[in-house]
1. Which whole number in µm²/s is D for region 58-214 by Stokes-Einstein, with the Kirkwood Rh taken over Cα pairs at 37 °C and 0.692 mPa s?
2. What accessible area per residue, rounded to a whole number of Å², is obtained for region 56-157 using a probe radius of 1.4 Å?
3. Only sites in a loop by DSSP and with at most 11 other Cβ atoms within 10 Å count here; which trypsin sites (Lys or Arg not before Pro) in region 139-177 make the cut?
4. In whole percent, how big is the carbon plus sulfur part of the accessible area of region 134-214, probe 1.4 Å, protein atoms only?
5. With r as the distance between the Cβ atoms of V71 and D165 and R0 = 25 Å, compute the FRET efficiency 1/(1 + (r/R0)^6) and round to 0.05.
6. Around V101, with a cut-off of 13 angstrom between Cβ atoms, what is the net charge of the other residues, counting Lys and Arg +1 and Asp and Glu -1?
7. Highest first, please rank the peptides 83-96, 187-200 by the mean number of other Cβ atoms sitting within 10 Å of their residues.
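The values are calculated or read from the model by the stated rules, or taken from the named source; none is laboratory data. What you see is a predicted model; the values in this text were computed from it and never measured. So basically every Cβ, Gly included, is an ideal-geometry build from the backbone, and we count neighbours across all protein chains shown. SASA here: full protein model, heavy atoms, side chains in, ligands and nucleic acids out. Shrake-Rupley method; radii C 1.70, N 1.55, O 1.52, S 1.80 Å.
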Amino acid sequence: MWKMKTAGALALALVAALSAGACSDDATRTIVEVQKKDTVTVTIRDTVRVGNTSLVFDQIERLGNPLVSEVFVEKREHDFFNTTNPITDVANFRDDIQRFVTGVAGRDAAYATAVAAALTPDMLAVFPNRAAGVTAANTDASALVGWLTHALAPNNTGYGGRKLDNDDAVDKGLMVIFGTALGNTNNVSPGLSTDNVPDNQTDPDAFPYVAAPN
């Protein structure tokens with residue numbers, strides 16, 4: 001669904017943003033509106049106070065989970081996605097993910113709902129306080145660390161996060177969309193479940209902890 005911000009809505013948002021900024025010196029938000037024909041582009045400008053220093057930046061892009069903005073979100077909505085925050089992802093973009101999984105990948109609606117729930121809001125989820133399970137499948141704590149393990153590990157035991165070494169997030173994402181990563185074997189597309197780009201390097205144990213570019 002195409003989300004169009006009207007000028008009236010932007011005016012209300014501007015008033016709300018300025019009002020919020022007046023209430024606190026620690027974080028202010030200014031919305032700058034640029035109109036071109038029937039398209040409205042919104043730039044979010046944040047002021048964040050760190051100690052006695054205020055850092056000002058323009059949010060021009062954001063990226064949490066691999067493939068979400070690049071694959072699931074329609075191209076015409078990329079600017080809108082990049083200028084919003086994860087707190088609005090469920091309302092704004094969960095339907096995009098569901099539509100892609102059912103329409104492009106051809107999976108069933110229930111599966112699309114599960115995938116969309118795991119990927120919105122678009123943030124890298126980490127659960128460091130979860131206790132490891134005792135089943136044979138997840139007694140190795142290292143298996144519980146890695147992208148999407150918070151959703152893929154059994155009984156909500158995955159810690160999430162990203163590993164520096166051997167955590168092929170793109171392949172995992174493609175396996176979720178087109179393969180059997182979430183246990184659904186219906187209408188899979190094995191040829192699309194990998195990008196066929198192997199990670200054949202070993203990251204060092206010392207700083208900077210990542211191998212040289214291949």
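1. 195
2. Each residue of region 56-157 exposes 51 Å² on average to a 1.4 Å probe.
3. Answer by residue number: there is no such site.
4. Answer for region 134-214: carbon and sulfur cover 56 percent of the accessible area.
5. Efficiency, from the Cβ-Cβ distance: 0.55.
6. Charge balance in the 13 Å sphere: 0.
7. 83-96, 187-200
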